[in-house]
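Working notes for the structure below.
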Amino acid sequence: MDKELLHVQIISALKSRYDIAYSAAKQAYETATHEENVAENKYDTLGLEASYLAEGQARRMAEAENALKTFERLKPKNFGEDDAIQFGTLIGLRELGTGRDEAASEVFLSPVAGG
């Protein structure tokens, strides 16, 4: 697997995640501050609920932005079989006892945006 290409693809996915989070945060903020959501009495909680949603979306956006910036700074490195595993390592996992040399799966080790 091409580690550089994988790095570019992950950055692209993180940018998309950030864009979605930004859009959701902007929409939640606009809803929370819209004049129709001003409380008419003490039991009218629509505006308060909208502000909680806006706060949560803003946190989600900040987390997505942090993940993107952190991953952009992470430079893929080439490691040998005897080198210690660390962030930026593409790890090939093999099943023991199968006699096959190719990796059964590969994992890119990152400090953020797992999944």
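The values are calculated or read from the model by the stated rules, or taken from the named source; none is laboratory data. All values reported here derive from a predicted model rather than from experimental measurement. Here the Cβ positions follow ideal geometry from the backbone for every residue, glycine too, while neighbour counts run over all protein chains shown.
Quick test of your reading of the structure: Phe87 fulfils all but one of (1) surrounded by 15 or more Cβ atoms within 10 Å (Cβ to Cβ); (2) in a helix (DSSP H, G or I); (3) modelled with pLDDT under 90. Name the failing condition by number.
(2)
Evaluate the range 23-43: report whether one residue or more is within 29 Å of Pro111 (Cβ to Cβ), surrounded by fewer than 17 Cβ atoms within 10 Å (Cβ to Cβ) and out of contact with any helix residue (DSSP H, G or I) (no Cβ under 7 Å at 6 or more places or on another chain).
Scanning the range 23-43, I find at least one residue that is within 29 Å of Pro111 (Cβ to Cβ), surrounded by fewer than 17 Cβ atoms within 10 Å (Cβ to Cβ) and out of contact with any helix residue (DSSP H, G or I) (no Cβ under 7 Å at 6 or more places or on another chain), so the answer is yes.
Taking the stated definitions as given, is Glu63 over 20 Å from the mean Cα position of the chain (by Cα) and of a type outside the set (Gly, Ala, Ser)?
Values: over 20 Å from the mean Cα position of the chain (by Cα): no; of a type outside the set (Gly, Ala, Ser): yes.
Here the answer is no, as Glu63 does not meet what is asked.
Could you check the range 1-22 and list, in sequence order, the residues that are touching a residue at least 24 places away in the same chain (Cβ under 8 Å) and exposed (fewer than 12 other Cβ atoms within 10 Å of the Cβ)?
Selection gives Met1, Glu4.
With (1) part of a helix (DSSP H, G or I); (2) over 28 Å from Val112 (Cβ atoms); (3) of a type outside the set (S, T, N, Q) as the list, and Glu72 as the residue in question, which single condition is left unmet?
Of the numbered conditions (1) part of a helix (DSSP H, G or I); (2) over 28 Å from Val112 (Cβ atoms); (3) of a type outside the set (S, T, N, Q), the odd one out for Glu72 is (2).
Assess whether Ser110 counts as being of a type in the set (Ser, Thr, Tyr), under 20 Å from Met1 (Cβ atoms) and in contact (Cβ under 8 Å) with a residue 60 or more places away in the chain.
Numbers: of a type in the set (Ser, Thr, Tyr): yes; under 20 Å from Met1 (Cβ atoms): yes; in contact (Cβ under 8 Å) with a residue 60 or more places away in the chain: yes.
For Ser110, the condition - of a type in the set (Ser, Thr, Tyr), under 20 Å from Met1 (Cβ atoms) and in contact (Cβ under 8 Å) with a residue 60 or more places away in the chain - is met.
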